[in-house]
Amino acid sequence: MGIDGTMLGNIQRWANARPDRPALHTLAPDGSWSITTWRDYWQRVRSVGKGLVALGLEPGNSAAMVAKNRPEWVIVQHGITAARGIPCPIYTTNLADQVAYIVDHSESEVIFLDEHAQLEKVRDAQSRGKAQVKLIITFDDLGVAADDVMTLAELEAKGEAEVDDAALEAVLDGIGPEDVALRVYTSGTTGVPKGAELNNEGISAVMRETVDFYAHPLLDEQQRNVSYLPLCHAAEQIFTNFVSLEVASEIYFCPELEQLRDYLVKARPTFFLGVPRVWEKFEAALRARLGQASGLRKSLANWALGVEEAAILEGARTGREVGGFQRSLARKLVISKIQGALGLDALKFAISGAAPISESTLRFFASLGILIHEGYGMTETSGVATAQPYMEARFGTVGKVGNLVDAKIGEGQELLLRGPNMVRSYHKLPEKTAELWTEDGWMRTGDMASIDEDGFVKIIGRVKDLIITAGGKNVGPGEMENHLLGIIGVGQAVAIGDRRPYITALLVLDPDTLPNLLEAAGITESLTMDAAATDPRIRKYLEAEVEAQCNANVARYQQIKYFHVLPTPFSVEGGELTPTMKIKRNVVSEKYATEIEGLYQTGAAPAATRASA
């Protein structure tokens, strides 16, 4: 096979076709963009590969990585692959024991890292005999004098000095379709992390299929994308590597999630993946800003948003662009200004994935002229399984399977998939690998779903998250939670009720929309988050909204009977969220066990609020 059709092959292709064009961007200390061209990108990948060959990395051996998003991250990833090694990324938020587990399980003797904080984790693991790392390679010079530490620059120099081009070409020629190109360790929300092995064949299939499916927005002009989700995650790999390398997109690296808004304004991406929590945070900030308008400005904004939402939704329904004088005027006076302030005025293609997103959020962004396309995939599908057709998003679904994947509904409504992009195995976990597959060769997703007559897939919820009430009713929590997220002021929601007599919920207030919540509840004075969570006026408002937004739209046995209000948002640091901002239900259940038990006491605890009879 060699590297033709692989990620490495695409870097080489663009280095030859457009050597002086920008490929990677990062902000320099003076605020300017530091640019890596396609020629330099390929050269540095080769140098890293040579350096690892010089160090004696054998084909199939692993090299770990733990660092924030930056150009060196992908240069090292592909450099490891160029030496026929296997990159094993680690989340920067992982604790020392978690870092040690992945390093040990992957048998990585080399680890790349970027900061002292990550170096300390490795040293801690080494001191307790939990990590057999023999060499630490730092992206920058951290001022560490140790025999087992070298800088990336030193590695590249070693490679160029000791390994010639012909020797590296021989290694590259030996790359095969079944070679593992990336070992992605799951976040371990339900147990020990599993190392899903993504091979060249599967990744190449995803690259081709995604670009074929979205040929219009991805191929009609020069692309730009912002890389901000952890590159350990398959979702970010899709858009920073798989798709971007297929279409030669320029990548702007954002190292901190808190800086994303600034980076969007600077980069003005043409396509952008936002996990639901990111879209929801944008929505909260914009609603707060729009809520400050009054008089004529408020009327104009409401009119423009209404016109744009109607046009976007009609276009999605019919598959035809909706024009007209009113829409043109609305876009000129209001919509274009909001998009520009967000840095999304050049956006051609908006995507949401990794977790369900509420319909209220989708409708809000439609009113801003941004049609968000939901997709569905897992690490085990090399990131992609279904997608919504361009400008024909159908809310409440995650799109269709393309030519790449076959899908069907199995026992217990579980979605089953098969295709060349399915993961072949979990590293050193044969029992878990066997559990992943049915006897007739379909991969179990662990998600309950339905497929309509047009082929659109709707995800009902995780099989493991299924609530089975004491009365024997099966309830997927996602439907109720999405309704609850449509309530102004509610930033996160968790439905509870497994083996319980009725369904309850934890509602988490969103600090970004607190002013909107106060206004909706008829409160004129300012309140802190803690005060808002216990204020009877807000409780009365939430009670009415839970009834109207959720209970009126679900079956009686799905209705939320009581809820508890939390003032502090779930977070990665607090342990309730994964690094890609999915809720860890087991952690929430343990952390808020007292509050949850209060919802099931006779008459309900004082902290609970009756939502419906």
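The values are calculated or read from the model by the stated rules, or taken from the named source; none is laboratory data. What you see is a predicted model, and the numbers here were worked out from it, not measured in a lab. Please note: Cβ atoms are built from the backbone with ideal geometry, for glycine as well, and neighbour counts cover all protein chains shown. For accessibility, only protein heavy atoms count, side chains too; no ligands or nucleic acids. Shrake-Rupley method; radii C 1.70, N 1.55, O 1.52, S 1.80 Å.
Total residues in the stretch 190-215 satisfying the condition of being modelled with pLDDT under 90 and either closer than 30 Å to Asp97 by Cβ or among the polar types (S, T, N, Q) (or both): the figure is 5. A residue that is closer than 30 Å to Ser106 by Cβ, buried (at least 20 other Cβ atoms within 10 Å of the Cβ) and not basic (Lys, Arg) occurs somewhere in the stretch 408-415. Inside the stretch 173-209, residues that are assigned to a helix (DSSP H, G or I) and surrounded by fewer than 21 Cβ atoms within 10 Å (Cβ to Cβ) make up a count of 3. Scanning the stretch 425-436 for residues that are outside any helix (DSSP H, G or I) and buried (at least 16 other Cβ atoms within 10 Å of the Cβ) returns Ser425, Tyr426, His427, Leu429. Filtering the stretch 128-140 for residues that are among the polar types (S, T, N, Q) and more than 23 Å from Val53 (Cα to Cα) leaves an empty set. The set of residues in the stretch 119-145 being among the β-branched types (Val, Ile, Thr) and within 12 Å of Asp104 (Cβ to Cβ) consists of Val122, Val133. Evaluate the following for Val74: is it modelled with pLDDT under 95, open to solvent by less than 50 Å² (accessible area, probe 1.4 Å) and within 27 Å of the chain's Cα centre (by Cα)? The answer is no for Val74.
Restricting attention to the stretch 251-302, the residues that are in a strand (DSSP E or B) and either open to solvent by less than 10 Å² (accessible area, probe 1.4 Å) or at pLDDT below 90 (or both) total 5. Selection within the stretch 450-478: residues that are within 24 Å of the chain's Cα centre (by Cα), open to solvent by 30 Å² or more (accessible area, probe 1.4 Å) and not charged (D, E, K, R). The member of this set that is nearest to Lys400 (Cα to Cα) is Ile451. When the stretch 565-574 is filtered for residues that are open to solvent by 20 Å² or more (accessible area, probe 1.4 Å) and not charged (D, E, K, R), the ones remaining, listed by number, are Pro567, Thr568, Pro569, Ser571, Val572, Gly574. Here is the figure for the stretch 341-360: residues that are more than 19 Å from Glu236 (Cβ to Cβ) and either surrounded by fewer than 22 Cβ atoms within 10 Å (Cβ to Cβ) or of a type in the set (Asp, Glu) (or both) total 7.
Gly598 satisfies every condition listed in (1) under 15 Å from Gln492 (Cα atoms); (2) modelled with pLDDT of 90 or more except (1). For the stretch 330-340, a residue qualifies if it is over 20 Å from Pro217 (Cα atoms) and open to solvent by less than 60 Å² (accessible area, probe 1.4 Å), and the qualifying residues are Ala330, Val334, Ile335, Ile338.
Residues that are open to solvent by 20 Å² or more (accessible area, probe 1.4 Å) and more than 24 Å from Asp164 (Cβ to Cβ) occur in the stretch 56-69; there is at least one. Contact annotation: residue pairs with Cβ atoms under 6 Å, 6 or more positions apart or on different chains, pairing a residue in the stretch 324-341 that is of a type outside the set (Phe, Trp, Tyr) with a partner that is open to solvent by less than 70 Å² (accessible area, probe 1.4 Å) and part of a loop (DSSP other than H, G, I, E, B), are Ile335/Gly369; Ile338/Leu368. When Ile11, Ile35 are screened for being farther than 26 Å from Val206 by Cβ, in contact with a His (Cβ under 9 Å, 6 or more places away or on another chain) and not in a loop (DSSP other than H, G, I, E, B), only Ile35 passes. A search for C-beta distances below 7 Å between a residue of the stretch 418-437 that is farther than 14 Å from Tyr185 by Cα and any residue that is aromatic (Phe, Trp, Tyr) and crowded, with 17+ Cβ neighbours inside 10 Å, counting only pairs 6+ apart in sequence or on different chains, returns Arg418/Trp442. Taking the criterion of being in a helix (DSSP H, G or I) and either of a type in the set (S, T, N, Q) or surrounded by fewer than 20 Cβ atoms within 10 Å (Cβ to Cβ) (or both), the residues of the stretch 214-246 that qualify are Ala215, His216, Pro217, Leu219, Gln237, Thr240, Asn241, Ser244.
Taken over the stretch 486-503, the residue count meeting the criterion of being under 20 Å from Gly472 (Cα atoms), surrounded by 23 or more Cβ atoms within 10 Å (Cβ to Cβ) and without any contact (Cβ under 8 Å) to a residue 60 or more places away in the chain is 2.
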